[in-house]
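Data first, discussion second: the structure below is written as structure tokens.
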Amino acid sequence: MPIIGLSIIVQLICAVHCARNSRNYIWFMVIVLLSVPGCLAYAIFEILPGYAGRREVRSVKAAAIRKLDPERDLRAARDALELADTSANHIALGDALAAAGSHRDAIAPYRAALAKARGGDRATQIKLARAELETGDAASARDHLETLPESMSPSENDRAHLLLARALQECGENDRALAMFADVGHRLPGGEAQCRRAALLLTLGRKRDAQLALEEVEVLAKRLDKFERRQNKDMYDWASRTLGELRA
């Protein structure tokens, strides 16, 4: 009963909003007949666009669309590739597969895109390396990243180096990985590099060094807004919990 009552309240709120803002009458039918799913659709397509400039809203909307139709982007990418066998369409398919967690399947489209691109494409090489890393082929990811041409953007280079550090760690090249994590950690926003460095240091039994790295994360986390913190909640929670254990 409480659930039914709540659904009725949600329907009333949406119906009032629809009336006050002179929305299309069809929305009344959607709200009344489909109940909560109809209200969710109304909120996504009629209420949220008014706040679309806010990144929190954009993220909620994208997440809701993925929840309602998780294969939407994948279908669109496959349809586009059937119409035109272009490098851009192969990349779009690889991106859709990677976003769906199918990193192994994303490798082939990325490689096809690189084969079509004259002189290669730096961004796609990074995507390919990330997909290889996610599927356990760290050696291939390392080789791609170590031969990657430098970008004119320092931040892009740092993000590529962070990925390379992860590959080096997976390949057992811990000293190089630690040095690279420490280097990019001073420039990249957020605390991913420091957290990964701390985790590796703990694996190597270097608890004091790990504590120092996590103390850097603690300072960084205090400067983040709630949205940025929420995006990597598990990572920052792990950092806080582990730092507390090391201090104890």
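Each value in this text was obtained by applying a stated rule to the coordinates, not by laboratory testing. Just so it is clear, the model here is predicted, and its values are computed rather than measured. Glycine gets a Cβ as well: all are built from the backbone with ideal geometry, and neighbour counts include every protein chain shown.
For the range 11-19, the Karplus equation 6.51 cos²θ - 1.76 cosθ + 1.60, evaluated at θ = phi - 60°, returns couplings of 4, 5, 4, 5, 5, 5, 4, 4, 5 Hz by residue, with Gly and Pro reported as x. Debye-formula intensities of the chain, expressed as log10 I(q)/I(0) at q = 0.08, 0.10, 0.11, 0.16 Å⁻¹, are -0.48, -0.70, -0.81, -1.17 (one equal scatterer per alpha-carbon, no solvent). Counting only aspartates and glutamates at least 8 places from LYS207 when in the same chain, those with an alpha carbon closer than 13 Å to its own are GLU215, GLU245.
Tell me, what is the FRET efficiency for ARG176 and SER151 to the nearest 0.05, using R0 = 30 angstrom and their Cβ-Cβ distance as r? Walk me through the numbers before you get to the answer.
Values: r = 20 Å, r/R0 = 0.68.
Approximately 0.90, to the nearest 0.05.
A simple rule links phi to the HN-Hα coupling: the Karplus curve 6.51 cos²θ - 1.76 cosθ + 1.60 with θ = phi - 60°, which for the range 95-106 gives 4, 5, 5, 5, 5, 7, x, 8, 5, 4, 6, 6 Hz, with x for Gly and Pro. Rounded to the nearest 10 degrees, the inclination of helix 55-68 to the longest alpha-carbon principal axis of the chain is 70 degrees.
Ordering TYR236, LEU168, VAL30 by Cα displacement along the dipole of the chain toward the positive end leaves VAL30 in first place; charges were set at the Cβ atoms of Lys, Arg (+1) and Asp, Glu (-1). Computed over the range 158-248, the P(r) curve from all C-alpha pair distances, binned at 10 Å from the origin, holds 18, 51, 29, 2 percent per bin.
In the chain, a dipole from Cβ-located charges (positive for Lys and Arg, negative for Asp and Glu) runs towards its positive end, and of PRO189, LEU97, ALA139 it is PRO189 whose Cα lies farthest in that direction. With Cα atoms defining each centre, the range 159-180 and the range 87-124 are spaced 23 Å apart in the structure. Relative to the longest principal axis of the Cα atoms of the chain, the long axis of helix 122-134 lies at roughly 90 degrees.
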